[in-house]
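Structure record follows, encoded as structure tokens.
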Amino acid sequence: MPFVELDTSLPAERLPPGLAQTLCTAAADILGKPPRQLNVTVRSGLPMVLSGSAEPCAQLVVSSIGVVGTAEQNQRHSARFFDVLTAQLGLGPERIVIRFYPLEPWQIGKNRTVMTFL
């Protein structure tokens with residue numbers, strides 16, 4: 001059950017229509033998970049500073065069980081997420097940062113329990 005959260009200083013009107021769905025489809029492909037398991041959030045118009053600059057920027061947080069736990073996995077994921085984000089947001093790669101967080105099944109609650117027991 002991956003969680004993909006995009007925060008950007010770009011105003012909503014500068015984002016392509018359907019960005020959350022596009023990001024969901026791309027993340028499912030990149031992470032090898034079915035889209036029905038993904039949770040995607042897009043927040044726009046945020047006051048942000050990246051590398052000391054308030055120029056338009058974005059940060060992506062990707063959290064998941066089992067698919068973001070190694071440098072090798074995340075290097076592959078990073079390249080593919082950057083391709084999607086630069087194309088969709090019109091930002092250069094220097095204005096985007098990605099954070100990967102591996103999760104354990106007991107850290108995600110669903111259906112009144114945690115993923116460990118589902």
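Read-outs: derived from the displayed coordinates by stated rules, not from any lab. Quick caveat, the model's predicted, so the values are computed rather than measured. Using ideal geometry, Cβ is built from the backbone for each residue, glycine included, and neighbour counts are taken over all protein chains shown.
In table form, for the structure just shown:
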{"item": "Extreme residue, positive dipole direction of the chain, given options His77, Asn111, Gly92 (C-beta unit charges)", "result": "Asn111"}
{"item": "Ellipsoid semi-axes in whole angstrom, largest first, where each is sqrt(5λ) of the Cα gyration tensor of the chain", "result": "26, 15, 14"}
{"item": "The chain: angle of helix 71-89 to the longest principal axis, Cα-based, in degrees nearest 10", "result": "50 degrees"}
{"item": "Cut-off under 5 Å, modelled amide H: who pairs with Ile98 long-range", "result": "Leu60"}
{"item": "Antiparallel bridge percentage (DSSP; both residues within the chain; nearest 5)", "result": "40 percent"}
{"item": "Charge context of Met1, other residues only, Cβ under 9 angstrom, K/R +1, D/E -1", "result": "+2"}
{"item": "Extension gain, Glu13 back to Met1 (0.36 nm per residue minus Cα-Cα distance, nm)", "result": "1.4 nm"}
{"item": "Sorted peptide list for 82-92, 1-11, criterion being average Cβ within 10 angstrom, highest first", "result": "1-11, 82-92"}
{"item": "In degrees, nearest ten, helix 19-31 long axis to first principal axis of the chain (Cα)", "result": "50 degrees"}
{"item": "Bridge type composition, the stretch 5-74 - antiparallel percent by DSSP, nearest 5", "result": "60 percent"}
{"item": "Counted charge near Cys57, where neighbours are those whose Cβ lies closer than 12 Å (Asp, Glu -1; Lys, Arg +1)", "result": "-2"}
{"item": "Ordering of 40-47, 20-27 by packing [mean C-beta count within 10 Å, highest first]", "result": "20-27, 40-47"}
{"item": "Loop trypsin sites (Lys or Arg not before Pro), the stretch 80-118 (other Cβ atoms within 10 Å of the site Cβ: 16 or fewer; DSSP)", "result": "Arg112"}
{"item": "Estimated FRET transfer efficiency (Trp106, Glu55; beta-carbon r; R0 30 Å; 0.05)", "result": "0.15"}
